[in-house]
1. Got a sec? Which of D105, D113 is open to solvent by less than 60 Å² (accessible area, probe 1.4 Å) and part of a helix (DSSP H, G or I)?
2. Mind listing whichever residues of the range 94-109 are out of contact with any Pro (no Cβ under 9 Å at 6 or more places or on another chain) and closer than 23 Å to V16 by Cα?
3. Of everything in the range 177-193, what is within 18 Å of E248 (Cα to Cα) and part of a loop (DSSP other than H, G, I, E, B)? Give them in sequence order.
4. Please determine, by comparing only the residues of the range 40-54 that are in a helix (DSSP H, G or I) and under 17 Å from L96 (Cβ atoms), which one is most open to solvent (accessible area, probe 1.4 Å).
5. Could you say which residue among C308, C317 is at pLDDT below 95 and either touching a His at 6+ places or on another chain (Cβ under 9 Å) or in a helix (DSSP H, G or I) (or both)?
6. State whether the residues of the range 71-78 include one that is assigned to a helix (DSSP H, G or I), under 25 Å from G128 (Cα atoms) and open to solvent by 10 Å² or more (accessible area, probe 1.4 Å).
7. What pairs can you find where one residue is in the range 109-120 and under 15 Å from L160 (Cβ atoms), the other is surrounded by 15 or more Cβ atoms within 10 Å (Cβ to Cβ) and of a type in the set (V, I, T), and their Cβ atoms are less than 7 Å apart, with a gap of 6+ or different chains?
8. Please work out if R85 is assigned to a helix (DSSP H, G or I) and open to solvent by 40 Å² or more (accessible area, probe 1.4 Å).
Amino acid sequence: MDRKGAFQKLLATSPVILGEGAVIERLRRMPHIRLDEHVVNSALIYHDRGRNALAEICRQYLAIGRAYGLPLLLSTPTWRAGRERIAAAGLANRDLNGDNFRFLDALRREQGDYGRKVAISGLMSCKGDAYRPEEALSTPEARAFHAWQAEALAAAGVDLLLAATLPALSEAVGLAQAQAATGLPYLVSFVARPEGTLLDGTPFKEAIAVIDSLASPPPLAYLVNCTHASVFRRAVSNERNSSPLVRERVIGLLANTSALSPEELDNSAELVVEAPETFGSAVAALHSELGMKVLGGCCGTDDRHIDCLARRLAAGC
């Protein structure tokens, strides 16, 4: 199957694209699954129990997209699969990024014709804690650090690259430059504060303008993730820190089920969960009211939340 330009075609021809829900968080709550301290869920594919648990979650999201006839965006389980972490996990002799793409691609191929409506992004993130912007790399450091993983994912055959859960502008610029150098389309996704800034305080309108000017080619578009729908709505509507450019370039949200701040969530001992119907209604409304085209889940979501969201989207919200 020729996948060149697959995601761009879906974006151009589909009213909306469904995003997957939480993966790592769901695996973390399974008593029989142990996540690696370095690469988190990336190494699960090498063990039957972990591989089966990961496949079950991914198949649930695939089944939901297929049931409602919606295009679907999946992400490789490579959120923490940079070269340093792979070496620390004792997996330097493995093609961890490529193997995770091939794992996900095999699940896509199980779907027959529906598989043509499924895009797989190569998932990347910041080097440090995604909730601590003070740990962010400088732009030159980030460009050098992230280039290896961006190239590994591109070589594997992903449809696009996705840098997600980014808290600070400096590292986001360098990461975008590393992704741009691969020649693949790519998306950049931030965590948002309700006042319309990144976690480091950079206004959305400044962050997008800077990345668009310093990464060549610029991102295909931007997303927000790990953010509640109510916070997202306030952020993109903020008169001082948002702008028409933000509302044009930001095309979607992978939403949390909690409106707590990142700091509160990071220190929460228990999972904060919103009712699936409440979540589905609030997130789907972002399509009809703000024109958002990529909508899915992040922390606190599971197949129930994504099913409710998909049902709303398929029905025209």
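The values are calculated or read from the model by the stated rules, or taken from the named source; none is laboratory data. Everything numeric in this text was worked out from a predicted model, so none of it was measured. Using ideal geometry, Cβ is built from the backbone for each residue, glycine included, and neighbour counts are taken over all protein chains shown. To get the accessible areas, we keep the full protein, side chains included, count just its heavy atoms, and leave off ligands, DNA and RNA. Shrake-Rupley method; radii C 1.70, N 1.55, O 1.52, S 1.80 Å.
1. D105
2. Within the range 94-109, D105, L107, R108, R109 qualify.
3. P185, V191, A192
4. R51
5. Going through C308, C317 in turn, just one is at pLDDT below 95 and either touching a His at 6+ places or on another chain (Cβ under 9 Å) or in a helix (DSSP H, G or I) (or both): C317.
6. Checked against the condition, which is being assigned to a helix (DSSP H, G or I), under 25 Å from G128 (Cα atoms) and open to solvent by 10 Å² or more (accessible area, probe 1.4 Å), the range 71-78 yields no hits at all.
7. Filtered contacts from the range 109-120: I120/T76; I120/V158.
8. The answer is yes for R85.
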